[in-house]
Amino acid sequence: MENTKNLGSISAQASAHLNIKTNDYLDDLNPEQREAVLHTDGPVLVLAGAGTGKTRVLTSRIAYILQNRMAFPSQILSVTFTNKAAKEMKSRVGDYIGHGIEGLPWMGTFHSIAAKILRINAELVGLKPNFTILDTDDQIRLLKQIIKAENIDDKKWTPRYMASLIDSWKNKGWMPEKLTSQNNFKFAEGKGKKVYEIYQIKTKDLNAFDFGDLILFCVKLFDEHQDIKEIYQNNFKYILVDEFQDTNFIQNKWLNLLVNDKKNICCVGDDDQSIYGWRGAQVGNILRFEKDYPSAKIIKLEENYRSTGRILEAANSVISNNKERLGKNLKTSSEQGEKIDLISVWDGSEEARKTSVEIENLFSNGLRHDQMAVLVRAGHQTRQFEERFVDIGIPYKVIGAKFYERLEIRDALAYLRVVQQPNDDLALERIINVPKRGIGTSTTSMVHSYARKKDISFFSATEELLMTDE
């Protein structure tokens, strides 16, 4: 009953002061975009090609629902893949209907929304509401301890590899007991399941989830507590999903569990742009949408507002060879544009060399270095460019270090985690010698040994040792 009250409190606060204003935003939509916005009864799949205005469709649809009083802001679940996208969508909706709206409490990433649900219902999945969320660095350090304790060669079977395996299993919805013998043998000749089991026990002892747990335990919550699932189903009158092609199995299951009998779910995605297969994304979720929702309406957005004609012709030609797609053909009313140069290279070094030659040519023709950018698919690809630029004296700046991945930010967050939850061993270990206090490996090992012997946390062990002569 407490869970219902908490959810109701969120709804009441977020639904107050809804100040609707008339807006002509619908007039700016093309026929297909308008159809996607106005079709508000039943499931909708919007196949949106690159540059076809999918964000406009999503924000206009939310504005239309609110403006016509089909739902309060708190009754709309809008899921994105990044916090930046969620922030932009909130801003656009505010522009459309007026700034009297007091937020959209259920607009955010899969993980942030799942975390919010779990904090309200934490006890039902065995944790306290003030649980912490482990980042990749925390996971690897914890797994390193477990692997060492199990006498596994961490050079051959690395903690990072095990973290990747665990993440992939969670994306499939597998807890340790669901691992097959084949998957168990993917780590240390059959010790994968045991390491996974210990890891889950340790994270629970730390009152922590990792990112994979957030969706997985939400699904577990809904599967095991029908009444809780119905609370959220009844609350969410409309569900909207961005970048649907990048959802994995467990995310799609989570969404399906939240859909009520009205089936007012609108998924926007591009079956030609699924690039996150390495983290479990399944383009099949788009291809299977009509099977999951037989009454679904399929709307294709094919008018591109971003690229020139030649770019689209090349893109259509390449992607037409893809067999796993529902099919669409991007078009534009823009000019044909410049011809495309296709340059083939043997390796990264040659690519860096040819790029540097082009940069020097542009610089000679009056373009400044700060007016040029080199885009790469992955961070590791910058190394050969950097080496080349250093060799020939081209000034450059690498952009891409995420705020929360910076060393000083991680340290600061670790301090806050210890203040909030002293028994967070991973956070305490991270900052116990930051700044330097002369606490070395031998001291921390001694504390670890004492903590294991007493079956207490690292923090409690430290306190007890300070009071003794040990």
Within the accessible area of the chain (1.4 Å probe), percent carbon and sulfur: 51 percent
Pairs from Lys170/Lys263; Lys84/Lys262; Lys204/Lys253; Lys193/Lys454; Lys128/Lys220 whose Cα-Cα separation, in the structure shown, is over 28 Å: Lys84/Lys262
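For Asp28 and Leu287, calculate 0.36 nm times their separation in residues minus their Cα-Cα distance, and state this gained length in nm to one decimal. Don't jump to the answer; show the numbers that get you there.
Details: separation 259, 0.36 × 259 = 93.24 nm, distance 2.96 nm.
In short, 90.3 nm is gained.
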Charge dipole (region 175-296, unit charges on Cβ, about Cα centre) - positive-most of Ile250, Pro294, Gly269: Ile250
Net charge contributed by nearby residues that have their C-beta within less than 15 Å of Leu258 (K/R +1, D/E -1): +2
Helix-only CD estimate at 222 nm, as mean residue ellipticity for the chain, using -39500 (n - 2.57) per DSSP H run (n ≥ 4): -15000 deg cm²/dmol
Size of the chain as Cα extents on the principal axes (Å, biggest first): 80, 67, 46
Under 16 Å from the Cα of Lys116 - aspartates and glutamates, other chains or at least 8 residues apart: Glu2, Asp210, Asp213
Per-residue ³J(HN,Hα) for region 390-400, Karplus 6.51 cos²θ - 1.76 cosθ + 1.60, θ = phi - 60°, Hz, x for Gly and Pro: 5, 4, 9, x, 8, x, 8, 9, 7, 10, x
Separation of the Leu466 and Ala412 label points, Cα + 7 Å toward Cβ, nm: 2.5 nm
Unit charges at the beta carbon, dipole of region 98-234: most positive-side option, Val125, Gln233, Ala149: Ala149
Among Phe222, Leu206, Asn183 - extreme Cα towards positive end, dipole of region 173-252, charges at beta-carbon: Asn183
Sum of side-chain charges, Ile343 neighbourhood, beta-carbon under 11 Å (Lys, Arg +1; Asp, Glu -1): -3
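Per residue, how many Å² of accessible area does region 47-151 show with a 1.4 Å probe?
Working: 3990 Å² over 105 residues.
On a per-residue basis, region 47-151 sits at 38 Å².
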Cα-Cα P(r), region 341-386, percent of pairs per 10 Å interval: 24, 53, 23, 0
5 angstrom amide H check on Thr109, placed H, neighbours 5+ away: Thr80
Integer Hz, Karplus 6.51/-1.76/1.60 couplings in order for region 206-222, x for Gly and Pro: 7, 6, 9, 10, 9, 4, x, 5, 4, 6, 4, 6, 5, 4, 4, 4, 5
Charge dipole magnitude, Cβ of K and R +1, D and E -1 - the chain, Cα centre, debye nearest 20: 460 debye
Mean accessible surface per residue for region 387-441, computed with a 1.4 Å probe while every protein chain stays in place, in Å²: 70 Å²
For Asn248, residues with placed amide H under 5 Å, excluding near neighbours: Gln282
Cα convex hull of region 211-366 - mean projected area over all directions, nm²: 14.0 nm²
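In Å², what does the accessible area per residue of region 176-216 work out to with a 1.4 Å probe?
With all protein chains present, region 176-216 gives 48 Å² per residue.
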Cβ-Cβ FRET estimate between Glu177 and Lys155, R0 fixed at 35 Å, reported to 0.05: 0.75
HN-Hα J in Hz across region 248-254 - Karplus 6.51, -1.76, 1.60, θ = phi - 60°, x for Gly and Pro: 9, 4, 6, 5, 5, 5, 4
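Compute, for region 203-262, the length of the dipole vector about the Cα centre, with Cβ point charges of +1 (Lys, Arg) and -1 (Asp, Glu) only. Units Debye, rounded to 20. Let's see the in-between values first.
Details: 6 positive and 11 negative charges, 38 e Å.
With Lys and Arg at +1 and Asp and Glu at -1, about 180 debye.
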Amide proton proximity set for Tyr238, modelled H, under 5 Å, gap of 5+: Leu77
Reachable aspartates and glutamates from Lys328, criterion Cα separation under 20 angstrom, eight or more residues apart if same chain: Glu32, Glu35, Asp242, Glu243, Asp246, Asp270, Asp271, Asp272, Glu290, Glu302, Glu303, Glu313
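The values are calculated or read from the model by the stated rules, or taken from the named source; none is laboratory data. Values in this document were obtained by computation on a predicted structure and should not be read as measured data. Note: ideal-geometry Cβ built from the backbone for every residue, glycine included; neighbour counts use all protein chains shown. Just so you know, the surface numbers come from the protein's heavy atoms only, side chains and all, with ligands and any DNA or RNA stripped out. Shrake-Rupley method; radii C 1.70, N 1.55, O 1.52, S 1.80 Å.
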